[in-house]
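Student: Let me begin by handing over the structure; questions about it come next.
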Amino acid sequence: SNLPDISSMKLSELKSELKSYGIDSSTFAEKSEFTSALQNARNTMPRPSTTYRDVEPPKPEREEKKSSSRKPSSSSSSSSSHRSSGGSSSSSRRPAPTPTPAATTAAAPTKPINIKKLTAMRAPVTAFQQIKEHPSQNIIGERNNSFLPGSPFSFSLHGSVQESDSAIIRIPDGVCLKINCASVTRKAMDEYLKQKGSIGVSLRLSSEENPEMLPIWTFARDRSSGYEMSGLGLRVCGPRTVRLLAFMEMGYRSGQSVDVHLFGSVSLNKDAFD
């Protein structure tokens, strides 16, 4: 309730609060991405109350000093009387004292905390898409979701013929995104295919290494036997930014489009912490 209003916050304040959630904002370009990411973090993540830091291993306890002067006086007197009464022969038969082993008081060293792993556990994969009206380019809506490591991934891509309408998927350092399945809704697709010239929809991908939008799955009117595609096996580990687009193959004249639904999982990149 005492949190500042996101829309009135400065860019430096947005970056600072995102950092407190463990979210890397170095790849954000527009202020709307900062505000959307922070709003999702406030809605889906616990409010940070502590910061992580290295924890020093506990110092070993000091061994108690043992002094012969602390021996009870009664034992000294009984020993002297025994020596005086027993003579030299009794002292020669007395067994040698058994040495007392030193007490081990040093605590076992504490396993160091992996700060990078803790940060990755709090860093979500974000999926952001603006829905625009064409040809005016007015923004009429947006889709924005965050997925922490260990959670299932699900996102609906709004169909378009403009590559600029693609969704931006940001994957932080130490985190991996795996997309296993893509599907379309039967009813929506059947309605779309009623348009003259409609062929289908394709799922397209571009990356930082290759910015060209390339199709990885296409639903076509005459060639597809089902409305879903499983076993995509697309796995991307961060830090990385990719773009995904549901590209409408013809028949977009009336503005009607079809969503492509993506399903997968988000996990930690175990290779990054070995």
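The values are calculated or read from the model by the stated rules, or taken from the named source; none is laboratory data. Just so you know, these numbers come straight off a predicted model, no measurement behind them. All Cβ positions, even for glycine, are placed from backbone atoms using ideal geometry, and neighbour counts span all protein chains on display. Just so you know, the surface numbers come from the protein's heavy atoms only, side chains and all, with ligands and any DNA or RNA stripped out. Shrake-Rupley method; radii C 1.70, N 1.55, O 1.52, S 1.80 Å.
Student: When A123 is evaluated against the numbered criteria (1) of a type in the set (G, A, S); (2) at pLDDT 90 or above; (3) surrounded by fewer than 16 Cβ atoms within 10 Å (Cβ to Cβ), which criterion, by number, is the only one it fails?
Tutor: Only one criterion in (1) of a type in the set (G, A, S); (2) at pLDDT 90 or above; (3) surrounded by fewer than 16 Cβ atoms within 10 Å (Cβ to Cβ) is unmet by A123, namely (3).
Student: Continuing with this model, one more query. List the number of the failed condition for V258; all other conditions in (1) under 19 Å from Q130 (Cβ atoms); (2) assigned to a loop (DSSP other than H, G, I, E, B); (3) open to solvent by 40 Å² or more (accessible area, probe 1.4 Å) hold.
Tutor: If we test V258 against (1) under 19 Å from Q130 (Cβ atoms); (2) assigned to a loop (DSSP other than H, G, I, E, B); (3) open to solvent by 40 Å² or more (accessible area, probe 1.4 Å), just (3) comes out false.
Student: Whether any residue in segment 193-209 is within 29 Å of I115 (Cα to Cα), in contact with a Leu (Cβ under 8 Å, 6 or more places away or on another chain) and open to solvent by 70 Å² or more (accessible area, probe 1.4 Å) is what I want to check.
Tutor: no
Student: Could you please tell me which pairs satisfy a Cβ distance under 8 Å, a separation of 6+ or placement on different chains, a first residue in segment 214-242 that is free of Cβ contacts under 8 Å to residues at least 12 places away in the same chain, and a second residue that is buried (at least 16 other Cβ atoms within 10 Å of the Cβ)?
Tutor: Short answer, once both residue conditions are applied: L214/R204; L214/L205; L214/S206.
Student: Quick check, is L245 out of contact with any Ser or Thr (no Cβ under 9 Å at 6 or more places or on another chain), modelled with pLDDT of 85 or more and assigned to a strand (DSSP E or B)?
Tutor: Judged against the criteria, L245 is not a match.
Student: Just checking, does segment 214-234 include any residue being buried (at least 16 other Cβ atoms within 10 Å of the Cβ), out of contact with any Cys (no Cβ under 8 Å at 6 or more places or on another chain) and within 19 Å of A127 (Cα to Cα)?
Tutor: Yes: one or more hits.
Student: Just for segment 178-192: of the residues that are open to solvent by less than 80 Å² (accessible area, probe 1.4 Å) and assigned to a strand (DSSP E or B), which one is nearest to G238 (Cα to Cα)?
Tutor: Restricting to residues being open to solvent by less than 80 Å² (accessible area, probe 1.4 Å) and assigned to a strand (DSSP E or B), the top hit is I179.
Student: When you look at S26, is it open to solvent by 30 Å² or more (accessible area, probe 1.4 Å), out of contact with any Ser or Thr (no Cβ under 9 Å at 6 or more places or on another chain), among the hydroxyl-bearing types (S, T, Y) and part of a helix (DSSP H, G or I), yes or no?
Tutor: Against the criterion (open to solvent by 30 Å² or more (accessible area, probe 1.4 Å), out of contact with any Ser or Thr (no Cβ under 9 Å at 6 or more places or on another chain), among the hydroxyl-bearing types (S, T, Y) and part of a helix (DSSP H, G or I)), S26 does not qualify.
Student: A further question on this structure: Contact list please: Cβ distance under 7 Å, first residue in segment 158-184 and free of Cβ contacts under 8 Å to residues at least 24 places away in the same chain, second residue in a strand (DSSP E or B), pairs at least six apart or on different chains.
Tutor: Pairs found: none.
Student: Scan segment 1-15 and report the pairs whose first residue is over 16 Å from R47 (Cα atoms) and whose second residue is open to solvent by 90 Å² or more (accessible area, probe 1.4 Å) and at pLDDT 85 or above, with Cβ atoms within less than 9 Å and a gap of 6+ or a chain change.
Tutor: These pairs meet every condition: L11/K31.
Student: Among the residues of segment 157-172, is there at least one that is part of a loop (DSSP other than H, G, I, E, B) and either of a type in the set (V, I, T) or within 22 Å of R42 (Cα to Cα) (or both)?
Tutor: Yes.
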